[in-house]
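Notes follow the structure.
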Amino acid sequence: MTTLVLLDHDDDGTPRPAALELVTAARPLGEVHGVWVGDGLDAALPGLADAGVLIVHRLPADVWWPAALAEALHAVRSATGADLVLLASTSEGKEVAAGLAVLDGAAVVTDAERVERVEGALRVTKSVLAGTWVSTVEVTSPVAVVTLEPNAVRAEPAAAPSSPQVVDVQVAVSELARSVTVVRTPRQATGRPDLATADVVVVAGRGVDGHLSPVEELADLLGGAVGATRVVADEGWLPREQQVGQTGVAVAPRLYIGVGVSGAVHHRGGMQSAGTVVAVNSDPDAPIFEFADYGIVGDLFDVLPALTAELRRLRELA
Amino acid sequence: MSTRVPGPSRVGRGSPGNLPRVKIVVAVKHVPDVQSTRMLGADGRLRRDGGDGTLNELDENAVEAAVQIAAATSGEVVALSVGPADAHDAVRRALQLGASRGVVVSDERLVGLDALGTAAVLAAAVTVEGGVDLVLTGMASTDGLTSVVPTALAAYLRLPALALAAHVDVADGTVHVRRELDHAVEELSAPLPAVVSVTDAANEPSFPGFRAIMAARKKPVQELGLDEVVPGLTSLGLDPSMLGGRTRVLHAEPQQPRTDRVLVTDDGDAGVRLAAWLVDQRLV
Ligand SMILES: Cc1cc2nc3c(=O)[nH]c(=O)nc-3n(C[C@H](O)[C@H](O)[C@H](O)COP(=O)(O)OP(=O)(O)OC[C@H]3O[C@@H](n4cnc5c(N)ncnc54)[C@H](O)[C@@H]3O)c2cc1C
Ligand SMILES: Cc1cc2nc3c(=O)[nH]c(=O)nc-3n(C[C@H](O)[C@H](O)[C@H](O)COP(=O)(O)OP(=O)(O)OC[C@H]3O[C@@H](n4cnc5c(N)ncnc54)[C@H](O)[C@@H]3O)c2cc1C
């Protein structure tokens, strides 16, 4: 069985962290083929070899738009006979997944945390209803398109490296897929890791009252990203694109630290897959304590500086 | 391949000299209230018998966008929902928010559809409606939360999909959208007809007053069964057998909280203790 993995990369050709997580998740399921769009593959090949990718199907740069990419992936999927296509659970990943699943008549499962093959059948597990339930579905159609949450799987090298073969694929994209005119302006890099895929996310809530420096210092010490609740974005304390939640960025870090965050259901909907949840809040009745793994009832302006100073001290000892 | 929604052409409607009237379908879903206790049944399906259902709040932004575009183009807004009987409540709410009429597709054979099946039925209903220039949806439903329906709906209708509009307007038969993604901001435009999903940043949904609530009672709502949308499926090259059967729920259970959870009150050393815990758990 073959799994096709969309290898997301940034504009200079560095694979995004999610790409290697997808490959790691795909390896136990069968042969792994990657799909690469545009330039920069040569520099990425050693990493893909370590990850055990057998074949990389390279598509021309101009199929990046989701509708076009769905058509191109459909062509590669049909040619390889892959029964599973894995993509990252980002907003663009889900758009591609939707278009591809329609073309393939495939099952589509979003926000997956685990994909397994049991007696030949694919099983997908995910957390639902703002993290309060877990469900597992079995795929009963010949093809599945699954979007995997970031950090659901830790990227690891294959037991034995591969020597990936590169296949250039030409695809004729339909008029329809070219019918949207797009003017794209990339965002400036923040110098911090990408929020959606970060391993550690420190979120500022209304409780920070406009004072971001304790949050930013902690995030930087941990090499993490800084997130905001909607209130913090509304107040303009942090930019909108840093909003975490159901209508913001969905995050799934190994470690989530929420400070001055109440834990509203709309916020929880975007961080339900976080591995460990730490909360600092002055209100013992704050809803976030209902699902935090480690909660501190206290003033963030006392707790955060003490935490950062102690972590720094421990680091210097080590 | 045609990029127009099949059905009666809108050309010729409206009086000469007027701007063309834009006919908008807005897709609305009935969901359990996010503030209520939500649960899955043994079949893995959402329990909808809790009684705490509402219009998916993210669809209010889609209705508001539809009403604004219709007002600017002397157009018409049709609210469309697929679901059990409570789909009527979602449509009724959309009528209170300014849609002019409603369509509900409800049929026992449609229970438990997946996202693609839902999108296909919506596409069929849009086709049966005919002459549609613009389909608007919310960015996600607060229950299934897949965000797959809008793009799949566009694919079945063979129309351009412009997802996650933080701003949307229509001028001269073209829809313009701004979307704000993780890595980029995009300005999109496409000729109508098109499908657009709208985020909660697009507008502030209005709160219906007494008059709007009373007026909504008189607005017509049409109910369709599967048989009535089959012609729509057929004209899109689909058939009822493709509506489901792609997945089967094996199990669904409440998330088990960790048994080693910690809750402390700060006495001055909580920060230091948390640092030790994080190191101990190998999280830092
Ligand atoms: C359709 C819709 C979509 C939404 N989408 C999102 C979304 O994507 N993301 C999102 O985050 N929200 C979203 N919201 C808003 C959400 O419902 C909450 O209003 C929001 O998350 C609350 O933000 P908060 O926790 O910062 O503020 P609050 O709820 O006001 O909480 C602030 C917390 O800070 C604590 N605090 C105050 N001072 C201190 C201190 N000195 N030290 C420690 N703690 C302190 C307080 O005890 C309180 O618990 C959405 C709402 C709607 C209706
Ligand atoms: C917890 C849970 C998880 C699920 N996971 C999956 C999954 O991974 N894959 C899958 O295929 N199905 C899944 N489903 C089923 C899926 O939710 C339903 O098929 C649903 O009808 C459509 O998907 P959605 O709610 O995710 O819509 P989304 O794609 O999130 O909705 C976006 C917009 O589409 C419109 N819309 C959606 N549904 C309707 C409707 N019934 N009537 C009118 N407009 C509508 C609304 O405007 C809405 O704002 C899941 C259901 C639940 C309860």
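The values are calculated or read from the model by the stated rules, or taken from the named source; none is laboratory data. Here the structure is a predicted model, which is why all the values come from computation and not from measurement. Note: ideal-geometry Cβ built from the backbone for every residue, glycine included; neighbour counts use all protein chains shown. Side chains included, ligands, DNA and RNA excluded: accessible areas come from the protein's heavy atoms. Shrake-Rupley method; radii C 1.70, N 1.55, O 1.52, S 1.80 Å.
Couple of notes before you dig in:
- Note on the stretch A:200-317: dipole from Cβ charges, positive end direction compared against A:261, A:227, A:280; the farthest Cα belongs to A:227.
- Summed over both chains, the contact between B and A buries some 6700 Å² of accessible surface at a probe radius of 1.4 Å.
- About the Cα centre, charge dipole magnitude for the protein assembly as shown (Lys/Arg +1, Asp/Glu -1 at Cβ), debye: 1480
- Charge dipole (debye, nearest 20) of the stretch B:37-192; +1 at Cβ of Lys and Arg, -1 at Cβ of Asp and Glu: 280
- Among the protein heavy atoms, those of residue A:301 account for about 80 Å² of accessible surface (1.4 Å probe, every chain in place).
- Label-to-label distance for residue A:316 and residue B:184 is 4.5 nm, based on points extended 7 Å past Cα in the beta-carbon direction.
- Rounded to the nearest 10 square angstrom, residue A:315 shows an accessible area of 120 square angstrom against a 1.4 Å probe.
- Note on residue B:174 and residue B:215: their simple-model spin labels are 3.2 nm apart, each label 7 Å out from Cα toward Cβ.
- GNM top mover of A:152, A:88, A:172 - chain A, alpha-carbon springs below 10 Å: A:172
- Remark: the protein assembly as shown carries 41 Å² of accessible area per residue (probe radius 1.4 Å; ligands, DNA and RNA excluded).
- Carbon-plus-sulfur accessible fraction, the stretch B:16-242 (probe radius 1.4 Å, protein heavy atoms only): 52%.
- Rounded to 5, percent antiparallel among DSSP beta bridges of the protein assembly as shown: 35
- Ordered by solvent-accessible area of protein heavy atoms (1.4 Å probe), largest first, the residues A:8, A:111, A:168 come out as A:168, A:8, A:111.
- Helix B:115-129 axis, angle to chain B major axis (alpha carbon atoms, nearest 10°): 20
- Chain B, relative contact order [Cα under 8 Å, separation at least 6], %: 23
- Taking every protein chain into account, the 1.4 Å probe leaves residue A:126 with about 30 Å² of accessible area, to the nearest ten.
- On Cα atoms only, tilt of B:87-96 relative to the major axis of chain B in degrees: 70
- Taking B:106, B:81, B:36 as the candidate residues, the one with maximal mean-square fluctuation in a Gaussian network model of chain B, Cα springs under 10 Å, is B:36.
- Per-residue accessible area (protein heavy atoms, 1.4 Å probe) orders B:55, B:164 as B:164, B:55, starting from the largest.
- Protein-only accessible surface order, largest first, of A:163, A:127, A:174 at 1.4 Å: A:163, A:174, A:127
- In chain B, the DSSP-assigned H stretches of four residues or longer account for a calculated mean residue ellipticity at 222 nm of -8500 deg cm²/dmol, using -39500 (n - 2.57) per stretch and the full residue count as denominator.
- In the stretch B:182-284, a dipole from Cβ-located charges (positive for Lys and Arg, negative for Asp and Glu) runs towards its positive end, and of B:268, B:195, B:184 it is B:195 whose Cα lies farthest in that direction.
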